[in-house]
1. Quick one: what are the phi-derived ³J(HN,Hα) couplings along segment 3-20, Karplus 6.51/-1.76/1.60 with θ = phi - 60°, whole Hz, x for glycine and proline?
2. For segment 39-54, take each phi angle, set θ = phi - 60°, evaluate the Karplus expression 6.51 cos²θ - 1.76 cosθ + 1.60, and give the result in whole Hz per residue in order, putting x for glycine and proline.
3. For the chain, what does the helix formula give at 222 nm: sum of -39500 (n - 2.57) over DSSP H segments with n ≥ 4, over the residue count, nearest 500 deg cm²/dmol?
4. Choose one of Ile47, Ile61, Ser31: the residue whose Cα lies farthest towards the positive end of the charge dipole of segment 2-86 (beta-carbon charges +1 Lys, Arg; -1 Asp, Glu; about the Cα centre).
5. Treating the angle as unsigned and between 0 and 90°, give the value, to the nearest 10°, between the Cα long axis of helix 70-82 and the longest Cα principal axis of the chain.
6. Run the dipole for segment 2-86 about the Cα centre, Lys and Arg Cβ at +1, Asp and Glu Cβ at -1, nothing else charged, and hand back the magnitude in debye, nearest 20.
7. Let me have the relative contact order for segment 20-87, percent, based on Cα pairs under 8 Å that are six or more residues apart.
8. How far is it, in nm, from the label point at Thr9 to the one at Val48 when both lie 7 Å from their Cα along the line to the Cβ?
Amino acid sequence: MIVKEFYITNEHGLHARPASLLCNAASKYSSSIKVFCNGKEANAKSIVSVLVLEVYPGSTIKVHIDGSDEEEACLELESLIENGFNE
């Protein structure tokens with residue numbers, strides 16, 4: 001299992017567009033991917049679940065990735081998040 005923390009730097013946090021990008025990226029992988037923020041847990045493959053986290057700019061999220069392709073998933077999600085979801 002890989003556990004990483006990320007600081008959300010994009011201007012509007014995880015609103016619909018970046019949440020959609022996160023879910024699309026996570027859905028490519030068979031690994032279980034969970035996102036934690038504000039005391040809540042979300043399935044990273046579900047946009048509704050991610051939006052319920054209410055991740056605002058400046059928030060820190062913790063991502064848990066567990067499965068056979070966890071390293072590849074981590075690299076893609078890390079790139080997406082650290083590039084501010086290309087906003």
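Rule-based calculations on the coordinates, nothing more; no lab input. Every value quoted in this text rests on a predicted model; they were computed, and no experiment measured them. Every residue, glycine among them, receives a Cβ derived from its backbone with ideal geometry; neighbour counts consider all protein chains shown.
1. 10, 9, 9, 10, 9, 8, 9, 5, 4, 10, x, 8, 7, 4, 5, x, 5, 5
2. Along segment 39-54, the couplings run x, 10, 10, 9, 6, 5, 8, 10, 4, 4, 4, 5, 5, 5, 5, 6 Hz.
3. -10000 deg cm²/dmol
4. It is Ile47.
5. Between helix and principal axis, roughly 20 degrees.
6. Dipole size: approximately 320 debye.
7. 36
8. For Thr9 paired with Val48, the spin-label model returns 3.3 nm.
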